[in-house]
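Report on the following structure.
The values are calculated or read from the model by the stated rules, or taken from the named source; none is laboratory data. Because the structure is a prediction, the values reported are computed rather than measured. As a convention, Cβ positions derive from the backbone with ideal geometry for all residues, glycine included, and neighbour counts pool all protein chains shown. For the accessible areas, the whole protein counts, side chains as well, though only heavy atoms, and no ligand, DNA or RNA atoms are used. Shrake-Rupley method; radii C 1.70, N 1.55, O 1.52, S 1.80 Å.
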Amino acid sequence: MRLLIATDAWHPQVNGVVRTYERLREELAVLGCDSDILSPRDYRTMPCPTYPEIRLALASLDDIARRIDSLRPDFIHIATEGPLGLMARYYCRKHRRPFTTSYHTRFPEYLSARLPVPQSWGYAMQRRFHNASSGMMVATPSLARVLRRRGFRRLMQWGRGVDTALFTPDLRRRRSSDRPTFLYVGRIAVEKNIAAFLDLDLPGRKVVIGDGPQLGALKSAYPQVHFAGLLAGRALATAYANADVFVFPSLTDTFGNVLLEALASGVPVAAFPVTGPSDVIGAAPVGVLDTDLRKAALRALDVDRNACRAHARRFDWGVSARQFLDNVEKAERRDARALVRAEKKTRILVRVSESP
């Protein structure tokens with residue numbers, strides 16, 4: 001199979017969506033599935049309003065159609081609801097081609113955090129976008145329940161994995177101090193609720209890794225916090241391994257790949273009991289979920305680091321890729337059955353109209 005993934009999130013962006021599809025393509029190749037990326041890197045771009053780090057593609061429908069036709073994919077998966085996602089969706093609808101989508105970001109909440117836009121408007125737009133597909137992939141059961149209640153249809157489970165070779169407790173150095181380190185890794189943006197972590201009265205020190213539109217403001221407001229900037233590869237893995245607790249203050253993430261990276265590094269998690277942490281951590285003794293984030297962070301200091309590592313090993317990218325392909329094949333079969341039903345209905349209507 002030759003697969004085309006249309007995504008508005010791609011390099012040089014650094015986020016969970018980019019990392020997910022980067023690793024997915026590697027695993028799909030192992031499974032014998034070729035994949036191409038339709039991304040903003042193929043076109044001129046403009047900065048996204050209120051979030052200039054994100055570049056939006058300036059392409060026409062004809063540009064997108066020519067690109068897709070030249071790649072000749074057997075199937076199309078649309079990862080995001082941005083300009084490229086919308087145009088790929090239009091192409092599929094126009095040519096009656098089945099496609100799947102995935103729900104990575106709670107844009108209604110993110111939009112409401114920046115602008116006075118009701119969340120109901122955002123969800124109405126997302127329903128229209130995703131419900132036209134042959135299947136919408138979601139990362140966790142709790143997210144599926146939330147979206148199903150909001151009217152999303154044909155939901156499919158698609159889990160995630162973690163690189164346990166890169167993220168490992170072996171990178172932990174001998175400590176010169178008993179003061180604990182509380183770590184946050186991710187985008188520095190208002191929807192991540194980072195201030196809820198930085199406001200906590202905690203012993204030791206706080207470290208924030210990442211970049212984003214809120215970085216300057218948080219640096220000024222919290223001079224006692226160490227902002228390490230954007231890290232990747234071994235430098236990021238080392239930072240994880242040398243933390244004592246990973247604090248995840250987000251209330252809106254759909255999954256949180258960083259949770260798995262922390263656990264693989266042997267670092268317990270402190271988070272709110274919401275979608276993402278509730279699915280990754282659950283009842284496992286690898287973190288603490290509490291509406292009181294300070295209490296969760298302090299209790300997480302006593303969590304067994306070996307248990308965290310063992311728990312992370314359950315999340316495998318190979319399994320994730322096979323689940324993704326199974327979803328694509330299921331969507332193809334579903335669309336084929338729908339076409340057969342439509343053709344039968346058309347033949348019946350033709351016979352009725354031709355009868356005397």
Q.
For the range 91-105: of the residues being within 23 Å of the chain's Cα centre (by Cα) and open to solvent by 20 Å² or more (accessible area, probe 1.4 Å), which is nearest to V138 (Cα to Cα)?
A. H104
Q: Check off (1) open to solvent by less than 70 Å² (accessible area, probe 1.4 Å); (2) over 28 Å from R322 (Cβ atoms) for G32 and give me the number that stays unchecked.
A: (2)
Q: Name every residue in the range 89-117 that is out of contact with any Ser or Thr (no Cβ under 9 Å at 6 or more places or on another chain) and not aromatic (F, W, Y), in order of residue number.
A: R93, K94, H95, R96, R97, L111, S112, P116, V117
(Q) Test of understanding: among A57, A65, which residue is of a type outside the set (K, R), surrounded by 20 or more Cβ atoms within 10 Å (Cβ to Cβ) and more than 28 Å from G159 (Cβ to Cβ)? (A) A57
Q. Name the residues in the range 1-42 that are more than 17 Å from the chain's Cα centre (by Cα) and either at pLDDT below 95 or under 19 Å from E53 (Cα atoms) (or both), would you?
A. M1, L38, P40, R41, D42
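Okay, residues lined up against (1) farther than 22 Å from W158 by Cβ; (2) modelled with pLDDT of 95 or more:
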{"site": "L259", "(1), (2)": "no, yes"}
{"site": "P273", "(1), (2)": "yes, yes"}
{"site": "A284", "(1), (2)": "no, yes"}
{"site": "A296", "(1), (2)": "yes, yes"}
{"site": "R305", "(1), (2)": "yes, yes"}
{"site": "A321", "(1), (2)": "no, yes"}
{"site": "R351", "(1), (2)": "yes, no"}
Q | strands (runs of 3 or more DSSP E) wholly inside the range 218-335 that include at least 3 residues being in contact (Cβ under 8 Å) with a residue 40 or more places away in the chain | A | 245-248
Q | Failed condition for K206, given (1) closer than 26 Å to D178 by Cα; (2) open to solvent by less than 50 Å² (accessible area, probe 1.4 Å); (3) without any contact (Cβ under 8 Å) to a residue 12 or more places away in the chain | A | (3)
Q: Find all pairs meeting these conditions: Cβ atoms under 7 angstrom apart; at least six residues apart or on different chains; first residue within the range 68-90 and over 15 Å from R25 (Cβ atoms); second residue in a loop (DSSP other than H, G, I, E, B) and open to solvent by 30 Å² or more (accessible area, probe 1.4 Å).
A: D74/M1
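Rundown of residues vs (1) among the aromatic types (F, W, Y); (2) closer than 15 Å to S265 by Cβ; (3) open to solvent by 20 Å² or more (accessible area, probe 1.4 Å); (4) out of contact with any Gly (no Cβ under 9 Å at 6 or more places or on another chain), yes/no style:
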residue: A132; (1), (2), (3), (4): no, no, yes, yes
residue: G135; (1), (2), (3), (4): no, no, no, yes
residue: R145; (1), (2), (3), (4): no, no, yes, yes
residue: R149; (1), (2), (3), (4): no, no, yes, yes
residue: L155; (1), (2), (3), (4): no, no, yes, no
residue: L183; (1), (2), (3), (4): no, yes, no, yes
Q. So which of A165, A113 ends up being at pLDDT 95 or above and of a type in the set (G, A, S)?
A. A165
Q | Identity of the residue in the range 121-141, farther than 14 Å from R154 by Cβ and not in a helix (DSSP H, G or I), that ends up nearest to the chain's Cα centre (by Cα) | A | A139
Q. Somewhere in the range 164-177, is a residue hydrophobic (A, V, I, L, M, F, W, C), closer than 24 Å to V319 by Cα and either open to solvent by less than 20 Å² (accessible area, probe 1.4 Å) or in a helix (DSSP H, G or I) (or both)?
A. yes
Q | In the range 69-90, the residues that are over 18 Å from T105 (Cα atoms) and open to solvent by 20 Å² or more (accessible area, probe 1.4 Å) | A | D69, S70, L71, R72, D74, M87, Y90
Q. Hey, does the range 253-270 have a residue that's charged (D, E, K, R), closer than 24 Å to Y103 by Cβ and touching a strand residue (DSSP E or B) at 6+ places or on another chain (Cβ under 8 Å)?
A. yes
